[in-house]
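What follows is calculated from the coordinates using simple rules that are stated; it is not laboratory data. These numbers come from a predicted model, not from an experiment. For neighbour counting, all protein chains shown are included, and Cβ atoms are generated from backbone atoms with ideal geometry for every residue, glycine included.
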Amino acid sequence: MGHEVLRAVSAAALLAGCASAAAADVDIVFVSDFDNSHLIQWVRRHPRAGGASLVLEPAYVTATRLSNSGTFLTVYVEVPPALNGNADYPQWSGLKTFGDTPGAIPAIGDCVIVTGFVALFNGASELASATWTIEPASACGASPVVPYVAPSVASVATDVDQVTVGLQPAPNVEPFESVLVRLSSPYVLTTNGGAGTFRIGDDGSGSSGYLSVAPFIYQYNSVAGTQLSSVTGVIDEFDSMTDKLYQLLPRGAADIAP
């Protein structure tokens, strides 16, 4: 399957494609993963299918970032609500994509088809060497992606146990990797002086854990002790050599409501 191009089709067709692949190319495949034929879900659940070439069914753009003097583009995409058939949506519905800057750069809210190769980058699933084709809005249906309102910071925390050495991520944060998430009324736990990450928690002490808010797309000047109305962004995984690191990536000033 490393040299095949797959579209979001029936479970039978996907399984037939996997049957011809070398065992080293794919992770374990469970038929239940294909119930709704969403290749985003397949890539997210089987990130070790490295090298597989995929054409991803229409998805909404939720965040973008230019890098390397504008020559590289990171685009986060999410399954449109109108195309969803999964009871646990929006879990497993987001995906990071990365490639060279195209002629027409997709914007937040655009409906796109993405072609790329399944890869792992610092622990995160992504489509690498990606290209994006902008489709008519009707291809994604009439319902736009809205942020998932997490029940608490602790539910998607970077670390829920600051006493134990190393990071202890929230047990349920993995399914929300690359998903657009909103946290209501969080407290700012650290001051960053206008540079770098800062932490938010459910209370001023961060006793239930914290979520790191990173400046990958937008830099915010944080002041410890402030309570914000909300913070919105995509959940990103960026592992170190020893820890699984989950962080929130706001996309601009509008994503941090005072």
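Quick look at the numbers
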| item | result |
| --- | --- |
| Net charge, residue 60 excluded, C-beta distance under 12 Å - Lys, Arg +1, Asp, Glu -1 | -4 |
| Chain lengthening between residue 243 and residue 161 when straightened (0.36 nm per residue, less Cα-Cα) | 28.2 nm |
| Summed residue charge, Cβ within 14 Å of residue 90's Cβ, Lys/Arg positive, Asp/Glu negative | -2 |
| Per-q log10 I(q)/I(0), the range 53-95, q = 0.32 Å⁻¹ (Debye; single scatterer per alpha-carbon; no solvent) | -1.13 |
| Antiparallel DSSP beta bridges within the range 148-257, percent to nearest 5 | 80 |
| Gain upon complete extension [residue 226, residue 195; 0.36 nm per residue less C-alpha separation] | 9.5 nm |
| Residue 139-residue 185 FRET efficiency (beta carbon distance; Förster radius 35 Å; 0.05 resolution) | 0.45 |
